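Any read-out appearing in this document is the output of simple, stated calculations on the displayed coordinates, not a laboratory observation. In this text the structure is predicted, and so the values were computed from the model without any measurement. Note: ideal-geometry Cβ built from the backbone for every residue, glycine included; neighbour counts use all protein chains shown.
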Amino acid sequence: MGQLILMQQNAHSVDVNGHHMLMHVPTSSLFEMDQVSYSVLNQFKSHGRQSVEKVQKAFETVFPAEDILESIDGFKKLDILRDPEEENTEASIQKVEDIPLSTIILNVNTGCNLSCTYCYKEDLTTPSKGEVMSLETAKSSFDMLLQQAHDRERVNVVFFGGEPLSNFALIQQVVAYAVPCAKEKGKKVDFSLTTNGTLLTEEIVHWLDAHAFGLTISMDGPKDLHDKNRKTVGGKGTYDVVARKVRMLLQNYRSRPVGARVTLSHDVIDVIRIHEHLKNDFGFHEVGFGPATSGPLDAFNLGDGALQHVFEDMKALGTLYVEAALRGENIGFSNMHQLITDIAVGRKKAVPCGAGLGLLAVDKKGDLHLCHRFIGSDEPTYGNVESGINVSALSTFIEKAQDRSSFGCQTCHARSICAGGCYHESYARTGSLHDPVYHYCDLIRDWVDFGIKAYMRILQENPSFIEVYVEPRERSGIGARSGESP
């Protein structure tokens, strides 16, 4: 027989408590190797190009010949072993001929009553100068969503800002319009909203609850941390008012779990203390963490030291997540929960997220953006709700996003989970939406390995946790909509 070579970029092995795990990198699928497969893989790692006969001879006194052949055949099917004469097939680029939307984000007001130091919104202004979306534009946006949703049973409308509750009247009007329209098309519509919490009233909370909104509160932890960046336009900290409003919300909200979204910056990095405060002192269902991606970057972004500290804290909190999972409890650490979900289902991502494909954002004029983060930026738009989606331009963007051949992503074992990272993070740091966020790469790979070990421990010691907490999350599509990143 001919020679075979190891396609190292397609195989990543991790030892977990005596179990030899193999991640098939192109699909993020996880396998447990028996001793035969483990030995064969290491033979190729140690000696490079090998013939089947040479491998058989190396283990002729250890394993039956047919077991060795079966293992080699399995690796070949996964493109982990390959004939060196075979043409090196590049990852296929999936052509985009349609935009099957499931989610539309409505930027209902550019005005915000806060002036957070790290805010990325380039169109942000004060409440008195806020430019609001009209009902006609909002209706046209939803009509476009229904038209593009095709066979989807559910669609999602996300309200964003500025502070979306500063245009609460429009939110109510959109819901009144969307529910019967969706029903007429045989679809269900979900609504969600991210708010700074300051404008919540009991009346608003009861209305949101009656319409089962998915709510996320932007809050950065204890008072000393929250007030560093989340200030009013006049420069005052907002913790006290947000804390009061959030406690009222959580006491009255029953339709869906409420989550918190924390923005980490150079002086707000105590992940464990923040989680403890928001989860246990307030009672948020989940707490998710994301980095600041604003400018000027040097002032607010995480430097190398702070970033390393954050990831160490993330792993420490992840360890607490695993210990709780073994007891059958979910401590509501959404970054870790999403990682476990990605590994459990074998996430295969060709692009970082659904922006521009399953999701588009609409500004006050009805222009279409990749996501809410790009509204107000100099990046091109992709049509308008009245004239329709510029499918050609959007297809070109998505197809380019799939091509990682000029980047180090080709050999990265986290590539099917990361897929290059957030478009806006790349834009904020490099000016290009497609450049990988290289400053994260080593940490992301470490985070994925940590997740593999965590997943295997849970699977071995309390598999019911996966059945109760992970599989329902995947079926509900929570992970796909949340967009959380480590």
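The figures follow:
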| read-out | value |
| --- | --- |
| For segment 260-280 and segment 17-84, distance of Cα centres in Å | 43 |
| Segment Asp73-Glu53, length gained on full extension (0.36 nm per residue, minus Cα span) | 5.9 nm |
| Nitroxide proxy distance, nm - points 7 Å out along Cα→Cβ at Asn252 and Glu329 | 3.0 |
| Anchor Lys315: lysines whose Cα lies under 25 Å away (excluding residues fewer than 8 positions away in-chain) | Lys223, Lys228, Lys279, Lys348, Lys349, Lys453 |
| Lysine-lysine proximity count for segment 65-190, Cα under 20 Å, sequence distance 8 or more or distinct chains | 5 |
| Summed side-chain charge close to Asp270 - residues other than Asp270 whose Cβ falls under 12 Å, Lys, Arg +1, Asp, Glu -1 | -4 |
| Three-way shape call for segment 3-82 based on the alpha-carbon gyration tensor, with the a/c threshold at 1.5 | oblate |
| Rg(Cα) / (2.2 N^0.38 Å) computed for segment 137-294, rounded to two decimals | 1.13 |
| Point-to-point label distance, Glu461-Val241, nm (Cα→Cβ direction, 7 Å offset) | 4.6 |
| Cβ-Cβ FRET estimate between Thr125 and Lys95, R0 fixed at 51 Å, reported to 0.05 | 0.80 |
| Selection of GluC sites (Glu not before Pro), segment 44-122, meeting DSSP coil and at most 16 other Cβ within 10 Å | Glu60, Glu85, Glu86, Glu87, Glu90, Glu97, Glu122 |
| Low-density loop cleavage sites - trypsin sites (Lys or Arg not before Pro) in segment 29-99, where at most 10 other Cβ are within 10 Å (DSSP) | Lys95 |
| Over 32 Å [Cα-Cα, the chain], rounded percent | 45 |
| Tilt relative to the chain, helix 304-326 - C-alpha long axis, 0 to 90 degrees, to 10 | 80 |
| Relative contact order (%) - the chain, alpha-carbon pairs under 8 angstrom, separation at least six | 17 |
| Virtual spin-label span in nm between Ser46 and Ala212, 7 Å along Cα→Cβ | 5.8 |
| Antiparallel DSSP beta bridges within segment 135-281, percent to nearest 5 | 15 |
